Amino acid sequence: MNTSNSLTIITPNHPALQPSANPVAVYLASLGSGSRRAMTQALRVIAELLTGTTADPASLPWWNMGYQHTQAIRSRLMERYSPASTNKMLAALRGVLRESWRLGFMDAEMFHRAIDIKTVKGDAIPKGRSVGSGEINALVEECYHDVSPAGMRDAAILALLYAAGLRRSEVVALDLGDYDTETGGLKIVASKGNKARTVYLGNGAKAAMTGWINLRGDDVGPLLYRIRKGGKMVAGRLTDQAIWVVLEKRFRQAKVKPFTPHDLRRTFAGEMLDAGVDLVTVQHLMGHASPVTTSRYDRRDEKTKMEAATKIHFPMS
């Protein structure tokens, strides 16, 4: 980063603090694995603004920041990022400052002044796309045409992402014991913010999971196994990245426009709301802390606007 564009407010702290006494380490340890990655990156962005160079957030004396510094950071982030991204980074900043106060590095007055930064208002058009029913059919059909164990496993992965609306981190964290073969219920324990919930697979999604479990066997351990070339199953847990690899393989085979794991989750929410499921129920199924987050996936307003556009008459050529 060019130092001329930085705030250069603080410099790295030496010597390094022990993790148990480091505000950054303590804050990140309080988060779930998915949030930890996102907030680590957010703190790196802020650390670069603060120092004018790439810096380890854990090496900085965050407790030296005052109100004027946090306001300057907010202003700079607003220039470069969307409201949602800016607010996420400000949340990470508040979290580290809160731990700095709790650990005794800041007095109460300085802490409260420093975190007195307003949330950035504004709506952004959600990124990503919905995956159409025809595309889902093509993807699942491609999986069932694969006679190797990967075919049945990948159909189960699609069921978890699309029919249950799970995050990829939640998918790979599932154990066999988390699934009820009779009801199709899934206990989601390793969820964002450590908010456990139960979701259900039905119809074809439940059948896909049954097919996979019949192939997998009933040994305890991860619900989804790794599969080596040649079709040999290995009783090891998949990684988040492996979910990306699986989806990329399948959408290429099915000749479907590229999509992300989160696009399937987005599609789940949209399909549920389109079907008339109330917002609060969809919120609980997705594990959102607020219905406001869930409402971002509501496609019904866009359909209303599209229908309204047909009411305007424009002469045909």
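The values are calculated or read from the model by the stated rules, or taken from the named source; none is laboratory data. Here the structure is a predicted model, which means the values were calculated and not measured. Note: ideal-geometry Cβ built from the backbone for every residue, glycine included; neighbour counts use all protein chains shown.
Looking at region 80-99, can you tell me whether even one residue there is more than 25 Å from the chain's Cα centre (by Cα) and either over 19 Å from Ala21 (Cβ atoms) or at pLDDT below 95 (or both)?
First, the residues of region 80-99 that are more than 25 Å from the chain's Cα centre (by Cα): none.
No.
What are the residues in region 50-86 that are without any contact (Cβ under 8 Å) to a residue 40 or more places away in the chain and surrounded by fewer than 19 Cβ atoms within 10 Å (Cβ to Cβ), if any?
Within region 50-86, Gln68, Ser75, Glu79, Arg80, Tyr81, Ser85 qualify.
Could you tell me whether Lys232 is touching a strand residue (DSSP E or B) at 6+ places or on another chain (Cβ under 8 Å), of a type in the set (D, E, K, R) and assigned by TED's automatic domain parsing to the domain that holds Ser148? I'd like the intermediate steps shown before the answer.
Values: touching a strand residue (DSSP E or B) at 6+ places or on another chain (Cβ under 8 Å): no; of a type in the set (D, E, K, R): yes; assigned by TED's automatic domain parsing to the domain that holds Ser148: yes.
Judged against the criteria, Lys232 is not a match.
Does at least one position in region 31-51 carry a residue that is closer than 30 Å to Val171 by Cβ, in contact with a Lys or Arg (Cβ under 7 Å, 6 or more places away or on another chain), in a helix (DSSP H, G or I) and modelled with pLDDT of 90 or more?
There is at least one residue in region 31-51 that is closer than 30 Å to Val171 by Cβ, in contact with a Lys or Arg (Cβ under 7 Å, 6 or more places away or on another chain), in a helix (DSSP H, G or I) and modelled with pLDDT of 90 or more.
Could you tell me which of the residues Ala196, Ala205, Ala242 is touching a residue at least 40 places away in the same chain (Cβ under 8 Å), in the same structural domain as Leu158 (by TED's automatic domain parsing), closer than 24 Å to Arg36 by Cα and among the hydrophobic types (A, V, I, L, M, F, W, C)?
On the way: Ala196 fails: touching a residue at least 40 places away in the same chain (Cβ under 8 Å); Ala205 fails: closer than 24 Å to Arg36 by Cα.
When all the criteria are applied, what remains is Ala242.
Having 1 or more residues that are in contact with an Asp or Glu (Cβ under 6 Å, 6 or more places away or on another chain) is the bar; report the helices (runs of 4 or more DSSP H) wholly within region 71-152 that clear it. Walk me through it before giving the result.
Values: elements: 83-102, 108-114, 133-145.
Passing ranges, in order: 133-145.
Hey, could you check region 22-41 for residues that are of a type in the set (A, V, I, L, M) and surrounded by fewer than 22 Cβ atoms within 10 Å (Cβ to Cβ) and say which is farthest from Arg102 (Cα to Cα)?
Of the residues in region 22-41, the ones of a type in the set (A, V, I, L, M) are 24-26, 28-29, 31, 38-39.
From what's left, surrounded by fewer than 22 Cβ atoms within 10 Å (Cβ to Cβ): 25-26, 29, 31, 38.
On the way: Ala25: 13, Val26: 10, Ala29: 15, Leu31: 17, Ala38: 23 Å.
Result: Ala38.
Return the residue satisfying two criteria in turn: it lies in region 222-243 and is closer than 20 Å to His145 by Cα and under 21 Å from the mean Cα position of the chain (by Cα), and of such residues it is modelled with the lowest pLDDT.
Applying the first criterion (closer than 20 Å to His145 by Cα) to region 222-243 yields 224-233, 243.
Now restrict to residues that are under 21 Å from the mean Cα position of the chain (by Cα): 224, 243.
Numbers: Leu224: 97, Ile243: 94.
Within region 222-243, the match that is modelled with the lowest pLDDT is Ile243.
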